[in-house]
Amino acid sequence: MQEFPVMQIINEIIRAFHIYSTEQARKHNHGGSIGTEIAWHQMLELNRSLKNKKKFLDLAILETIQAGAAWPTLRTAQVMGKSDICPLCNEQITDEWHTYWTCPCLRNQHQDCKEIEDSQHLADQLDENQIAFYNRGILNQADLIPHIEYNPLEEYPLCIGMCNSQLQPITHTDLWPSGYYFGDGSGGKFSKHPTLTRAGVGVHHVYLNHNPYFNASTPLPGITQTNNRAELYAVLLVTRHSELAATIVLHR
């Protein structure tokens with residue numbers, strides 16, 4: 001399949017919004033006035049091509065551009081230093097709330113459109129701080145509920161398992177003796193399993209005579225969950241729990 005000119009399509013998407021939302025909006029009725037200068041056909045063909053080729057990352061990027069490249073007039077005015085007053089009514093600032101819901105000129109010009117006229121009463125029920133929800137069906141940031149109760153704790157208890165039941169059990173309060181310590185951490189973006197958003201820490205102790213003693217493990221505390229931090233935390237565990245003047249050989 002012939003490759004499409006991506007940058008041309010992106011530019012056409014950006015132009016499309018301005019054609020739709022400014023002077024052309026006065027003649028717009030169910031998309032009838034949006035002419036051939038908008039490359040909708042090529043854009044949709046590119047979407048289908050990426051989907052068929054299972055290039056889902058590229059498809060996601062393109063759809064993000066399609067949704068996010070359409071600047072409301074207010075944002076254009078703020079960036080470009082142009083007027084932010086509605087070019088239709090010449091009264092209100094042209095934010096998305098005004099453009100899609102409350103401009104009296106647009107409402108009067110669409111009196112013959114039953115779908116638009118029948119939905120105008122909803123404007124009195126909407127919250128202008130939730131305009132993203134009514135425009136694109138996505139949640140506003142204010143509507144996102146942070147589940148802080150699921151955040152990583154600042155401290156976790158150690159889980160200790162004995163390697164040999166014939167040896168003296170070690171408890172959570174006992175200091176760790178001399179020996180070889182093997183520490184490791186896993187989790188986070190650069191680990192073997194990058195889908196694990198939480199990291200874990202493990203320490204294995206072996207006596208200097210090569211006799212295994214115990215294993216200690218714990219989830220990585222704190223908000224920052226990375227593989228490197230988990231491995232460094234293993235070093236901290238050994239340092240924090242070892243006996244005074246213990247002879248330690250630490251392997252990572």
Original post:
Glu243 to Gln130: extension gain in nm, 0.36 nm per residue of separation minus the Cα-Cα distance?
Top reply: 34.8 nm
Subject >> Nitroxide proxy distance, nm - points 7 Å out along Cα→Cβ at Glu115 and Val79 >> reply: 2.9 nm
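Read-outs: derived from the displayed coordinates by stated rules, not from any lab. No experiment lies behind these values; they were computed from the predicted model shown. Counting neighbours? That spans all protein chains shown, and the Cβs are built from the backbone with ideal geometry, glycine included.
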